[in-house]
Amino acid sequence: MHPDDDNPPPRPRWLGWALIAFGLLVALGMLNLGVRMVLSAKPAQADAPQQPTSTAPVAGVAEVPQTSSLAGQALVQASDCLRCHGMDRRYVGPSFRQIADRYRAQPDAANYLARKIREGSVGVWGRTVMPRHPQVNEAQSSDMARWLLSLPPAQAAAPQ
């Protein structure tokens, strides 16, 4: 047995300080991320769509009852749609109001958007891929599309 085996060489002191500094940086980064998530949740609630009063006109559909519109809104909020789409702001994909403005005048818009929700698409809004959602059934995607088309038009940006 070698005489140094019982007493290992001492570790450099800077290594301990480096580990402590790294741990502090990780903790501060996680704290920063948590604070930013909490602060970003508050504007998203203020950005929520206005509740339709009774019915909303939709091209291609006679009238959308309020219950269908509310069900569609609940389905959108419960799904992963809000990860890529904002109400008024474009994130990964276009905003909900941009989609509604583009397809509102088309006669078969609700069915078209419902199919796009279920099957996904690419190339319609650039090279961004919208993944398919096989877990959403036809009735759910129709409710989601009707809610989307019932949104009021996007307001023009106010001049500054």
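Values for this structure:
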read-out	value
Count of residues meeting criterion [at pLDDT below 75 and of a type in the set (Lys, Arg)] in the range 28-47	1
Subset of the range 125-160 [touching a Lys or Arg at 6+ places or on another chain (Cβ under 8 Å) and at pLDDT below 85]	Pro153, Ala154
Positions within the range 102-160 being free of Cβ contacts under 8 Å to residues at least 24 places away in the same chain and among the hydrophobic types (A, V, I, L, M, F, W, C), in sequence order	Val122, Val124, Val129, Ala139, Ala156, Ala157, Ala158
Selection count where residues are assigned to a loop (DSSP other than H, G, I, E, B) and more than 18 Å from the chain's Cα centre (by Cα), scope the range 128-153	4
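The values are calculated or read from the model by the stated rules, or taken from the named source; none is laboratory data. Note that the structure is a prediction, hence the values are computed from the model and not measured. Here the Cβ is made from the backbone with ideal geometry for all residues, glycine too, and neighbour counts use every protein chain on show.
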